[in-house]
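See structure below.
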């Protein structure tokens, strides 16, 4: 919403942020706007004009339903009406989405009709999403501008990893995020299904995994199959991850015999890296895993199967005479070698079942075969090294959504840049793409969407669009628009803001809280993990959980302040917008403090609110002076700079983003 | 949201609207607050302590999940923790909810624990909902105040009728409304499943009903069974309505032989009363209905079965020689007698299958047996007359949500008042309760929730709470609070406001539109039906569709204005709140007009926005004068009164509610 601040901006100013045409994300490879528009009304109808394909037919049906929601226009597919959208699909393609399949499409919109041509169902699905993003409200109603688009992805592996282990993510959360993923042409859902804090899949072979390891919060196999079908129908592969041999404490609750120590174990309620780890020295461990993988490889059809492998603590292995004897016997000189041995055993089990192993950086070891895929979280160098050694890899470093970085930070990360520069073409082709990671220590079903979206759209663009697509202002402008379009997929990244603020306000009117919430940015796992205070039993219902990683309204004010500071006389609209925002901030604190009386959830925010008011006051002073041609005094600048430096220290795990427009004026 | 205006009100002022303790709706029969509070945290756990009852167990589980969402506190049911809530249910009661069953409960909350006692599952379900409404944010966190409640309903039939025929209501709309119904202790879902515009149930016996009569938008029998189970688990009966012999045009598309005229027929796209009607003169009609009811009575377990019977046009019957010959032969002197004959035949088919017929007023006829139930939509006199004749009845007159009346209007309607006053006790007991009606000419899946909620909670209170529960201010204050609690059931009455405004604004910042939207009220079917302009193919995406039937923020301003006008010196907080609101209105028009440029959906609102600004300016003038002890001049009063009279004429199917606080000041 960010209502109050956006309200404070003039439309002349803000419309630049909304006028970019077309506001597509990811930006297609080729876009040629044409003259005219296709009007949308209740006669709109879409038809598959090539060979029958029930799955694509259903997707076209869903597209029309969403178009109807997006515009409010009933689209009943009236008998006798000619189709306005014709989809021509060369071949249905694979039954299940396949890495590297042709995902290209062309899209033509004329004043008479729209037409999609794609060699495969995957391309046709992407084209429908592009078409949905093109819809605008024109002078005569909802319309799609005439256009010619040719498009195809840069990388074949464009993923989102969701952690359903640390906080439980109900099915509807998964499904709505799959819809939003499809909307920005992501094609891999990497599902982190087990960790120290939970084992989330029903195993019929080893039912104590979920019975003892999940607090009753797990997906049945039928539900898993439902998610896989749901994803498949949207052109998305599902890659399961069962993280071994570390991050396995939840396995050990039901099956303590898999651990190095005898147990008993409990589901971990803390975050971090734990000592408990599978025992690599006992054949029973491998027998268990073999039977487990037999079950899970049958459940998940994707040829790629993720075994985690990250952050293995060697303490128990080192302390265990049994493991040490085993290591000695097998000539394994350190924990990494032990893990490599373990991974080789696992890899053979999975290869025997037709699977390709994916693992985090740590699985790399000279003994591992070249057909595994490495997911780099530790840096671009790790990815480049792996690619140089002949391993295929995907980049996640730089794409960690839980770090709560601004969109521009992620936008600037490219799997083929930095350390990958030195690679030759064949080595570069080992880099399959990237995956953003939504680790779930500090998100719940309620907040996860706003940590994924809209920033995930920006990473999706990095992975789909031509390498030269790098203009940050264009990116922000399109992200702003697409964030709103994404709402019609059902994803809750914007919808959950208001109810969370209402909860914080204890049912009282939320507006003073909203003014503050719009002016701050939530911090990520780095700062929140300090002191290791959190547990999975703590409520994530504070302002840091409701606030966004990046304030849309502050960014607009920052742009206005820069323009105004550069040329005050030519920036009347910006000045008015800034004045409204600063006045709002300055007047907000009294109301906020009243709201915060005896409110335990707002208590920590009182200093922030005072600081926001001070920024508003300083901003008004600066505006007054600059409008009169009187630059601020050195003393004023020094004092404000000092104050801003103080305010830039996080409070209540929030950044006071509102410092930025003031800093721009002080320049 | 009503964000901008609520923001304009001071908290001192508004908190009165939120401080009412406890904010329960419907108000229980007996409430005794006690000292202390039960703190809520992650150790919260609930347990059924009486005989095992899987269905009640599941309901308790859902309650804990909702409590967790409402507070943001994870509640995993940790092993070893003692239950904080103990539910003691005397008997599971009936498998399917039953009219007149004991729905009473007692609820005790102490600082140590909460306890529910109920003779049946129905009562226990109601108690859980009361408990959820008691949750507040206290000084130390979320809590439930210590309290003793004894409660039971006044009427056994407390219903909501939803029309899924005129606009399609997807399953999720039905389900979320069932959750909200349960939250306010409604126990009958009357499902209007067929009408001229659509036949919405799968018939396996007569598949052309849904194939030809629904645009593909119908519920499968499995889905129907799912809804019935979903409702049953929440203590709600499902009464299906198949409206015959009028309102049947959608039946005739697939089965024209049922009509008086040969057809062909089309699904109606218009609203109103149509001539097409079933042919009562052919035995084939009754054979069809008999087979149809055989199928549908098996599908719907409730003993009550609604056959509609309203608004039968006699034109085709009168014009048809065949029908006239049949009437003569059977000594049926007019259309009403023909319908009574038809109804008797139908009633016999249904009675033979164990069903009790329910029909709208028009089914009443001296020839009809006394065991039918009459649903009165034409007035309280019709209901009283029926009750006096020995028929059981339910009141819907005065409970039509699509009329978009204020909550206070509905609150004032009592099934046992007005014409029912003259009835004796036995006759009064024929009045089973009431049902609110949500006819769907002017609502869609997107807007229906905001037309039902929160006003349905007020009618629910009328039907549940003791007759003496009549304080309108208390009602509004509790409705405001409960409206927010209802959000956690998943109902979208507040959530859909912002996206609809964003759609109207074409993706641009919505705030000037929101200021206007918060200050207007949407009109209902009466004014909208004038000129018969609407069809089911028209978009319901205008401000009239997003705006609420009653403006919460204007009501608060109205109260403030009355208080201020009565005693300006003692009303500083009110004056400040009014000043902020009026200033906002006065300044809003320039921004609104800018937003509305070349926006076809906002064009019709331009005069309203100008009027709102004028009201703001007038309000500021009045405030200035009254604060100085200078009452407005007679000329000013005359001019403003004239202007307000002009503004009170609806525009764009909206009322400018903002006139009301100005009128209060002018007094």
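Hey, what did segment B:86-142 get for relative contact order, percent, Cα under 8 Å, at least 6 apart? Write out the running numbers ahead of the final one.
Values: 81 pairs, mean separation 20.6, N = 57.
RCO, segment B:86-142: 36 percent.
Comparing segment A:442-576 with the 2.2 N^0.38 Å rule of thumb, its C-alpha radius of gyration ratio is 1.22 (two decimals). Helical content alone sets the calculated 222 nm signal of chain A at -13000 deg cm²/dmol, taking -39,500 (n - 2.57) per DSSP H segment of four or more residues and averaging over every residue. Each Cα pair of segment A:233-302 feeds into the Kirkwood radius, which the Stokes-Einstein equation turns, at 20 °C and 1.002 mPa s, into a diffusion coefficient of 158 µm²/s. Of interest is the spacing of the C-alpha centroids, which for segment B:291-326 and segment A:508-571 amounts to 61 Å.
Give the peptides A:227-235, A:372-380, B:282-290, A:632-640 in descending order of average Cβ contacts within 10 Å, highest first. Working shown, then result.
Numbers: A:227-235: 20.2, A:372-380: 22.6, B:282-290: 15.4, A:632-640: 13.3.
The packing order, highest mean first, is A:372-380, A:227-235, B:282-290, A:632-640.
Stokes-Einstein at 37 °C, 0.692 mPa s, Kirkwood radius from Cα pairs: D for segment B:524-614 in µm² s⁻¹?
208
Taking a ≥ b ≥ c as the square roots of the eigenvalues of the alpha carbon gyration tensor, segment B:339-445 is oblate, as a/c is not under 1.5 and a/b does not beat b/c. Sorted from shortest to longest, the distances between the residue A:50 label points of this copy and the other copies are 6.3 nm, with each point 7 Å from Cα along the line through the beta carbon. Note on segment B:393-432 and segment A:34-111: Cα centroid distance 50 Å, given to the nearest whole angstrom.
To the nearest whole number, what is the average tally of beta carbon atoms from other chains within 10 Å of the beta carbons of peptide A:71-81? Provide the component values of the computation, followed by the final result.
Values: counts 3, 14, 5, 12, 2, 9, 2, 4, 4, 0, 0.
For this peptide, the per-residue mean of nearby foreign Cβ atoms is 5.
With contacts defined as alpha carbon pairs under 8 Å and 6 or more residues apart, what's the relative contact order of segment B:400-453 in percent? Answer for segment B:400-453 is 54 percent. Counting from the shortest, the label point at residue A:78, 7 Å from Cα toward Cβ, is 6.1 nm from the same position in each remaining copy.
Return the Rg/Rh ratio of segment A:202-254 with Cα-based radii and a Kirkwood Rh. Let's see the in-between values first.
Working: Rg = 12.9 Å, Rh = 12.4 Å.
My calculation of the ratio gives 1.04.
Distances between copies at residue A:140, taken between label points 7 Å from Cα along the C-beta direction, are 6.7 nm in increasing order. Sorting the segments A:393-405, A:58-70 by their mean number of nearby beta carbons within 10 angstrom, highest to lowest, gives A:393-405, A:58-70.
For chain A, DSSP calls about 40 percent of its internal beta bridges antiparallel. With N as its number of residues, segment A:287-334 has a Cα radius of gyration that, divided by 2.2 N^0.38 Å, comes to 1.57.
Among beta bridges from DSSP that stay inside the protein assembly as shown, the antiparallel ones total about 40%. Each listed q (0.14, 0.26 Å⁻¹) maps to a log10 I(q)/I(0) for segment A:483-530 from the Debye sum over equal C-alpha point scatterers, namely -0.49, -0.97.
Of interest is the spacing of the C-alpha centroids, which for segment B:618-667 and segment B:213-271 amounts to 49 Å.
Given axes a ≥ b ≥ c from the Cα gyration tensor, I'd like to know whether segment B:408-449 is rounded (a/c under 1.5), prolate (a/b larger than b/c) or oblate. Prolate, since a/c reaches 1.5 and a/b exceeds b/c.
Roughly how crowded by other chains is peptide A:499-507, in terms of the mean Cβ count from those chains within 10 Å of each of its Cβ atoms? Provide the component values of the computation, followed by the final result.
Values: counts 7, 1, 0, 4, 9, 2, 4, 5, 13.
The mean count of partner-chain Cβ atoms within 10 Å per residue comes to 5.
In units of the rule-of-thumb radius 2.2 N^0.38 Å, the protein assembly as shown shows an alpha carbon radius of gyration of 0.96.
The alpha-carbon positions of chain A define a convex hull whose volume is 171 Å³ per residue.
Classify segment A:15-160 from the C-alpha gyration tensor, please: rounded if a/c falls under 1.5, else prolate or oblate depending on whether a/b exceeds b/c. Provide the component values of the computation, followed by the final result.
Numbers: a/c = 1.82, a/b = 1.19, b/c = 1.53.
Oblate is the answer for segment A:15-160, as a/c is 1.5 or above yet b/c matches or exceeds a/b.
The mean number of partner chain beta-carbon atoms within 10 angstrom of a residue's beta-carbon across peptide B:128-140 is 2. Peptides B:419-427, A:506-514 ordered by packing proxy, namely the average of other Cβ atoms within 10 Å per residue, highest first: A:506-514, B:419-427.
One equal scatterer on each Cα of segment B:407-514, no solvent, Debye formula: the resulting log10 I(q)/I(0) at q = 0.13 Å⁻¹ is -0.63.
Please report the relative contact order for chain A, taking Cα pairs under 8 Å with a sequence separation of at least 6, and give it as a percent rounded to a whole number.
Working: 1339 pairs, mean separation 94.5, N = 667.
Reported relative contact order: 14 percent.
Pairs of Cα atoms in segment A:586-667 fall into 5 Å distance bins, from 0 up to the last occupied one, in shares of 3, 15, 24, 22, 16, 10, 6, 3, 1, 0 percent.
Only the coordinates and a few stated rules stand behind these numbers; no lab work does. Note that this is a predicted model, so its numbers are computed, not measured. Reconstructed Cβ throughout: ideal geometry from the backbone, glycine too, with neighbour counts over all protein chains shown.
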